[in-house]
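J.: One structure follows; several queries about it will come next.
The values are calculated or read from the model by the stated rules, or taken from the named source; none is laboratory data. Bear in mind the structure is a predicted one, so any value in this text is a computation, not a measurement. So basically every Cβ, Gly included, is an ideal-geometry build from the backbone, and we count neighbours across all protein chains shown.
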Amino acid sequence: MNRPSTLKILFAIAMAIPVSVVAQEQPRQVYRGAVGKTGAIATGSNAAADAGMEILKSGGNAVDAAVATMLVQTVIESRLFCFGSEVPIIVYDKKRDVVEVIVGLGAAPRLATPKWFKENRKSLINGRGDIANCVVPGTLDAFITALDRYGTRSFGECAQPMIKVLQTRADTSVEDLRRRYGRRRGFDPDKWVKHHKNFLRMIERLVAAEKAAGKDRRSGLRAVSDYFYRGPIAREIDAWSRKNGGLLRYTDFATHATRIENPRSMQFRDHTIYKCDVWTQGPFLLQTFKLLEDRDLNSLKYNSADYIHLVTEAMKLAFADRDAFYGDLAFVDVPIKKLLSDPYTKIRRELINMKTASVKQRPGDPFQMKPLLGKAPRDHQVTSGHSDDTSNCLVADQWGNVVAATPSGWGGVTAGDTGVQLGSRMIGLNVWDRHPSLVQPGKRPRITLTPTLVFKNGKPVFAVSVAGGDQQDQATIQILLNRLEFKMDPVASVRSPRFSTQHHINWFGHTKARLGSLAVPRNVSAAIVTDLKKRGHTVTRSRTAGAAVVLAIDPQTGVKHAAADRGKVAVGY
């Protein structure tokens, strides 16, 4: 295993957390990546990587390891990914030779209507800390579905590393915490320990329910889901929600189901790129690559003014369509096949002017097959809330299975004594009539979370997971171009500085687009910045977009090479 050995624990103060302040681990810094002949993991924390590697080394597959990794993340990284939140997962199942998507996202409660938010929240769906901002937790049932469909281990086996972490935290001395961290603003050692005791007790109840179901693994997995969504825990959250003015009810939990979908995909050069559907921003990346597929990007030179300009202008057009049309396909007629079609791409591509930056949001009209819709997507004049979270998880095993996931969600609300921290994802909905994100009972909010899997000649060769809200696929686009076009090694592909734009509606609060904005890395020359400004870009210097991990697989040897941005973890064996 190629990784640094130092392990540090950093207690970070979570803002607006009413029940507990959660300790945050400081990850090992990764610079050269990690090579594994048997398995590899790229994720957000040391303990999570260790948990997944423990499963792989004991004979578990990539799905088993990914579930173990992400369960630990809900403890170690709970400010970024909490147990009661969401996680889209792309799985390559080697045995069946299929790529599938697990929709780990819950829906809005039955009481969540435009009328309710107009009468009780002044027509705003808020960010962190609002009990009314919670959708049904999708994470646990996504894990159970993954284990049932692709895995080999029980929930209890995958949860053992998580239980060990929780036991350590639950047994932590309050006096010692008070001596070490008690003066930090907002940190309450008593609540911190109590939270982890409650969380541990809830996980132990789930494991007990699984054991009570008997020796059949799949029956046990169903028992875990039933205990949480249709049993005691759902009823306890219902009672807490009613008492505190929330919208979640037992029926919302009991009717939750995790969908399995085919991914959206496209051919780019000699590679196939797989993304989740339009309930995420994933197809935005595919639209951008469609706009770029006829260009000789190598001739423009990496991070030249022409290259930055072209990629940014393509992203602006794809962002405008994302903001105007994407949403839950069960409620919204999203013309995604037309958006990704060659005729539509051709007429949209003609809008790119290599000499002038666009300073308008310009969605197209795929229904009429016209390049311009004639109106910009609706936005807020002021923010309705904020939520900054998200982590990473990529796993590949010795049998050829691959998992790409983007776990996320922390809403600042803990459901009483259940230990369940609930996510903040209803911020992706609004109260505007005829908008694709209009809040409706049972509707899933659109999310920025967007894992990526890439194939060549029918085999998985690359996976990407990025944290960073609307910047996630902006980062992924550049990472993929680094790898596929400029032939960078995995470390260089993820560690090379990236540019970004906010020429889009912010999906966390529907806030106004910053038209013409372009943030470039600090190492871009002054001459290039001057060139970009002359074209009309509003240029600022910024740190690189997103926080990413990647995993490359040699299709001939099976050797895996995991790499990560600073602050993330890559391991292999």
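J.: Search region 366-384 for residues being free of Cβ contacts under 8 Å to residues at least 40 places away in the same chain and farther than 29 Å from residue 532 by Cα, and hand back the single one that is nearest to the chain's Cα centre (by Cα). Walk me through how you get there before you give the answer.
T.: Let us first name the residues in region 366-384 that are free of Cβ contacts under 8 Å to residues at least 40 places away in the same chain, namely 367-372, 374-375.
Next, only the ones that are farther than 29 Å from residue 532 by Cα stay: 367-369.
Numbers: 367: 30, 368: 33, 369: 32 Å.
This residue is 367.
J.: Output the number of the condition that residue 23 fails; it satisfies all remaining conditions of (1) at pLDDT 95 or above; (2) crowded, with 20+ Cβ neighbours inside 10 Å; (3) within 22 Å of the chain's Cα centre (by Cα).
T.: Only one criterion is unmet by residue 23, namely (1).
J.: Which residues, taken from region 208-230, are surrounded by fewer than 21 Cβ atoms within 10 Å (Cβ to Cβ) and either among the β-branched types (Val, Ile, Thr) or under 22 Å from residue 132 (Cα atoms) (or both)?
T.: Within region 208-230, 230 is the sole residue that qualifies.
J.: Given the condition under 24 Å from the mean Cα position of the chain (by Cα) and at pLDDT 95 or above, answer yes or no: does some residue in region 110-122 qualify?
T.: The first filter runs over region 110-122 and keeps only residues under 24 Å from the mean Cα position of the chain (by Cα), leaving 112.
Now drop any that are not at pLDDT 95 or above, which leaves 112.
Scanning region 110-122, I find at least one residue that is under 24 Å from the mean Cα position of the chain (by Cα) and at pLDDT 95 or above, so the answer is yes.
J.: While we're on this one: I'm checking my understanding of the structure. Among residues of region 468-495 that are outside any helix (DSSP H, G or I) and modelled with pLDDT of 95 or more, which one is surrounded by the fewest Cβ atoms within 10 Å (Cβ to Cβ)? Before you say what the answer is, go through the steps one by one.
T.: Of all residues in region 468-495, those outside any helix (DSSP H, G or I) come to 468, 485-489.
Now narrow it down to the ones that are modelled with pLDDT of 95 or more: 485-489.
Details: 485: 18, 486: 17, 487: 10, 488: 17, 489: 15.
Result: 487.
J.: So which residues in region 351-378 are of a type in the set (A, V, I, L, M, F, W, C) and on the phi < 0 side of the Ramachandran plot?
T.: Going residue by residue through region 351-378, those that are of a type in the set (A, V, I, L, M, F, W, C) are 351-352, 354, 357, 359, 367, 369, 372-373, 376.
Within region 351-378, 351, 352, 354, 357, 359, 367, 372, 373, 376 meet the criteria.
J.: Check residue 560 against each of (1) out of contact with any Lys or Arg (no Cβ under 7 Å at 6 or more places or on another chain); (2) of a type in the set (Lys, Arg); (3) within 30 Å of residue 354 (Cα to Cα) and name the one condition it does not meet.
T.: With respect to (1) out of contact with any Lys or Arg (no Cβ under 7 Å at 6 or more places or on another chain); (2) of a type in the set (Lys, Arg); (3) within 30 Å of residue 354 (Cα to Cα), residue 560 is out only on (3).
J.: Hey, another quick one. Taking the stated definitions as given, is residue 356 in contact with a strand residue (DSSP E or B) (Cβ under 7 Å, 6 or more places away or on another chain) and polar (S, T, N, Q)?
T.: Numbers: in contact with a strand residue (DSSP E or B) (Cβ under 7 Å, 6 or more places away or on another chain): no; polar (S, T, N, Q): yes.
Here the answer is no, as residue 356 does not meet what is asked.
J.: Where the second residue is basic (Lys, Arg) and at pLDDT 95 or above and the first is under 30 Å from residue 399 (Cα atoms) and part of a loop (DSSP other than H, G, I, E, B) and lies in region 533-559, which pairs have Cβ atoms under 6 Å and are six or more apart or on separate chains?
T.: These pairs meet every condition: 555/459.
J.: Right, another one. Condition first: part of a loop (DSSP other than H, G, I, E, B), surrounded by fewer than 23 Cβ atoms within 10 Å (Cβ to Cβ) and among the acidic types (Asp, Glu). Now tell me which residues in region 300-335 satisfy that.
T.: Result: 333, single match.
J.: Continuing with the same structure: With respect to residue 357, is the statement that it is buried (at least 22 other Cβ atoms within 10 Å of the Cβ), among the aliphatic types (A, V, I, L, M), part of a loop (DSSP other than H, G, I, E, B) and in contact (Cβ under 8 Å) with a residue 40 or more places away in the chain true?
T.: Details: buried (at least 22 other Cβ atoms within 10 Å of the Cβ): yes; among the aliphatic types (A, V, I, L, M): yes; part of a loop (DSSP other than H, G, I, E, B): yes; in contact (Cβ under 8 Å) with a residue 40 or more places away in the chain: yes.
Yes: the conditions hold for residue 357.
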